[in-house]
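Report on one structure; see the data block that follows.
All of the numbers you see were taken from the coordinates with simple rules; none came from a lab. Computed from a predicted model, the values in this text were never measured in an experiment. Here the Cβ positions follow ideal geometry from the backbone for every residue, glycine too, while neighbour counts run over all protein chains shown.
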2 protein chains.
Amino acid sequence: MSSDLTARARIRDAAIELFAERGIDGATVRDIAQQADVSSGLLRHHFGSKEGLRDACDEWALSELTKISGQFTEFNTLDGLTPRVQQLQRYLIRSTMDGSPTGAAMFDRMLEFGHQWLGTTELKVADPEAFVAVVAVMKMSLFTMRDLLSRALGSDVTEPVTWARMLQATLDLFSQPLITPEQALQARAALDRLTAGEEAS
Amino acid sequence: MSSDLTARARIRDAAIELFAERGIDGATVRDIAQQADVSSGLLRHHFGSKEGLRDACDEWALSELTKISGQFTEFNTLDGLTPRVQQLQRYLIRSTMDGSPTGAAMFDRMLEFGHQWLGTTELKVADPEAFVAVVAVMKMSLFTMRDLLSRALGSDVTEPVTWARMLQATLDLFSQPLITPEQALQARAALDRLTAGEEAS
DNA sequence: CTTCCGACTACACGCTTGTGCAGTAACCTA
DNA sequence: TAGGTTACTGCACAAGCGTGTAGTCGGAAG
């Protein structure tokens, strides 16, 4: 399928695949080299070190994603996600959770965009900072919890059809309130009581 | 603080702490032993292997959580989370993501409880299976993405005050629709077009 | 043809990992 | 006091890790 690519490109693709699947530490340079059908030495020749390879993957994934959708961080519009784009996002998020500076920068951009979006709405939000952050991590969770979701739906969420089910579900989730105003009020009161007791102690 | 506990208990606590923090593979038996102030051999003596230790932690975390709140999977009510309970949940979710059967069982219970809850509401949901799964992983994301959240809020979310900010935010999120009916309709149409094109090809 | 340089491989090094195991100290039972 | 089980330590082992490095191959430049 991709055997006509440069060896360097094959290594990069293999790394993104395995890093996304098993995490940065979980994927060994030997595994990646074998997946790319090269020696592990060549990996080192091209990228210097495992960390160098990871940096290259970060940069490449980010540039590819921004190329595809100018402001890619806006996966408010969750559609148009081909399996390939999905994989790139999954890799970048995984790398972010494993402490990548590139990923952290991406997360900051997501937050910035979230604030921007919040300004266009009429939502009542007590703490915009927290609100935007929570929404952001919740969106990301669709990628980080891929295995669990696939298990629950009985089908790999990378499949476009299954992915569409999840998009439909998020749409249902974001287009209507999950709890009644009474429940909200009640919960908020309980929360206030909690924080008040906290400050008193 | 916990130095009056049995060595076995100290090992278990240290394991839960480090497993939750660095992941199952990321925490070594030597690290855990050192944290518990025992030799690595004793760890093996009490739990047989690292996998055995992890199983013991799974079981213990689950029983502790169910003991504290009979049906603990209902963190619909996200309050009442002391740092200790928070850590147990974080451990269990982490272990789940790393392929623990106990964790998977917990996730299944969360789904079951989600369906149960969905029955009591008047929500319009096209695909209950997907809806419940998405809600479940989004709730869990508050634990899995702890570091990212702490960075965004500028304060460790384990702090009760910071945690309260997040609960407030999720309340704001779940008590009102994020997108207008028109936007929802539009997105749904786009999604239908997408799936239709998918089945045609 | 020679020279050179990047692509590429094979192999070995030092380190860390989980595990195995012999040996010691403490404690209960008879 | 003697004996056996349990708690506990220290060390050694094989395997796997990322990395270093000497060396082969092939094509472009002179």
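Points to keep in mind about this one:
- Placing +1 on the Cβ of every Lys and Arg and -1 on the Cβ of every Asp and Glu, with no other charges, gives chain B a dipole of roughly 480 debye about its Cα centre.
- Shielding by partners, peptide B:92-99 (average Cβ within 10 angstrom, other chains): 2
- Taking amide H atoms as placed 1.01 Å from N in the peptide plane, the amide H of B:Gln176 lies under 5 Å from those of A:Leu178, each 5 or more residues away in sequence or on another chain.
- Radius of gyration over Kirkwood radius for the protein assembly as shown, both on Cα atoms: the Rg/Rh ratio is 0.97.
- Diffusion constant of the range B:92-181 at 25 °C, which comes from Stokes-Einstein with the Kirkwood Cα-pair radius and 0.890 mPa s, µm²/s: 165
- B:Val161 label point (Cα plus 7 Å toward Cβ) to equivalent points in the other copies: 5.3 nm, shortest first.
- P(r) weight above 28 Å for chain A, C-alpha pairs, percent: 40
- Membrane-span-like helices in chain A, defined purely by DSSP H runs whose alpha carbon atoms cover 15 Å or more axially and whose average Kyte-Doolittle hydropathy reaches 0.5, are A:128-144, A:160-174.
- Across the identical copies, how the B:Asp192 labels are spaced - nm, sorted shortest first, 7 Å along Cα→Cβ: 4.4
- Average beta-carbon neighbours from other chains, 10 Å sphere, peptide B:149-158: 3
- Taking every residue in A:160-167 and counting other chain Cβ atoms within 10 Å of its Cβ, the average works out to 5.
- Charge tally around B:Leu173: other residues with Cβ under 12 Å, Lys/Arg +1 each, Asp/Glu -1 each, net +1.
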